[in-house]
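Working notes, structure below.
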Amino acid sequence: MTSPLVIAIDGPSGSGKSSTSRGVADRLGLDYLDTGAMYRAMTWALLRQGVDLADPEAVATASDGVTLTSGTDPLDPTIHVDGTDVAEPIRTDEVTGSVSLVAAVPHVRELLVDLQRRVIAGSDGIVVEGRDIGSVVAPDARVKIYLVADPAARAARRAAENGGADAAATEAALAARDRIDSTRAASPLVQSEGSVVVDGTHLTLDEVIDTIVGIVDRAT
Ligand code: DC
């Protein structure tokens, strides 16, 4: 019996990972896990408790008391903190501006990687999106995609998602977040061994999904 299909989709902020990953999961009838939402939910919980996010030890200690639950339906992904639906508040500027600090704390990563592996182990087939899926969370994933797009295209997409925010400011914020995510000591964003680079800069969402489904078909 072959093991359940795991598709890892990593890449920088704004590369279109979420829409793409959900689309691929929906097309192939697979579950979907947004690991970025988990780091965001942890950040939301710690902010609400008044934890100093610049203090890694305080973040590590407080993170032990937070219970996260992720729903894996690609058409209706959910995220709860201690039973509270946080799908909306985890997208605020406050959380977006602080999440890299929390994601850089090794103990938080251990907790969340463990949780992510349990979700994967309980699934019959899943698309998992994040930064370290192919490198750390699921290095044996059958298909690993590294999704990129040029910075201006990424910023334009994020600015449009945020109701027409300033694209130049969005590009600078994305660049700052990528810098922290790529240079942190614990599981930085890297293109993992065996991954296929897909550049979505000049493709529509459907074309990116088609490209990845084609890669999956050839690999399975
Ligand atoms: O994909 P996103 O923008 O929702 O991710 C939020 C933050 O979480 C981002 O700054 C990087 C971090 N992250 C991470 O470190 N590892 C992951 N597997 C997913 C996200």
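The values are calculated or read from the model by the stated rules, or taken from the named source; none is laboratory data. In this text, all values refer to a predicted model and were calculated from it rather than measured experimentally. Here the Cβ positions follow ideal geometry from the backbone for every residue, glycine too, while neighbour counts run over all protein chains shown. To get the accessible areas, we keep the full protein, side chains included, count just its heavy atoms, and leave off ligands, DNA and RNA. Shrake-Rupley method; radii C 1.70, N 1.55, O 1.52, S 1.80 Å.
Of the numbered conditions (1) under 27 Å from A152 (Cβ atoms); (2) more than 15 Å from the chain's Cα centre (by Cα), V51 satisfies every one except a single condition; which is it?
Going through (1) under 27 Å from A152 (Cβ atoms); (2) more than 15 Å from the chain's Cα centre (by Cα) one by one, V51 breaks only (1).
Quick one: would you say L75 is over 25 Å from S182 (Cα atoms) and at pLDDT 95 or above?
Taking the combined requirement at face value, the residue satisfies it.
If we keep just the residues of segment 127-139 that are touching an Asp or Glu at 6+ places or on another chain (Cβ under 7 Å) and either more than 8 Å from the ligand (Cβ to nearest atom) or among the small types (G, A, S) (or both), which is nearest to L33 (Cα to Cα)?
Of everything passing the filter in segment 127-139, G130 is nearest to L33 (Cα to Cα).
Exactly one condition in (1) away from the ligand (no atom under 14 Å from the Cβ); (2) open to solvent by 50 Å² or more (accessible area, probe 1.4 Å); (3) within 16 Å of T96 (Cα to Cα) is false for G164; which is it?
It fails just one condition, (3).
Starting from residues that are within 16 Å of the ligand (Cβ to nearest atom) and of a type in the set (V, I, T), keep the ones in segment 1-35 and report whichever is nearest to L147 (Cα to Cα).
In this case the residue turns out to be I9.
What tally of residues in segment 95-126 results from selecting those that are of a type in the set (A, V, I, L, M), within 13 Å of the ligand (Cβ to nearest atom) and over 16 Å from P56 (Cα atoms)?
Looking only at that region, the number is 5.
Considering (1) β-branched (V, I, T); (2) touching a helix residue (DSSP H, G or I) at 6+ places or on another chain (Cβ under 7 Å); (3) open to solvent by 50 Å² or more (accessible area, probe 1.4 Å); (4) within 16 Å of the ligand (Cβ to nearest atom), say which one T183 fails and leave the rest.
The one condition T183 does not meet is (2).
Scan segment 141-148 and tell me whether some residue there is surrounded by fewer than 16 Cβ atoms within 10 Å (Cβ to Cβ) and not basic (K, R).
no
If I go through segment 56-67 residue by residue, how many of them are within 22 Å of L189 (Cα to Cα) and either of a type in the set (D, E, K, R) or within 13 Å of the ligand (Cβ to nearest atom) (or both)?
0
Got a number for residues in segment 165-220 being out of contact with any strand residue (DSSP E or B) (no Cβ under 9 Å at 6 or more places or on another chain) and of a type in the set (V, I, T)?
6
Pairs needed: first member in segment 69-95, under 30 Å from L28 (Cα atoms); second member anywhere, among the polar types (S, T, N, Q); C-beta distance under 6 Å; at least 6 residues apart or different chains.
Final answer for the pair search is G71/T78; I79/S70; H80/T69.
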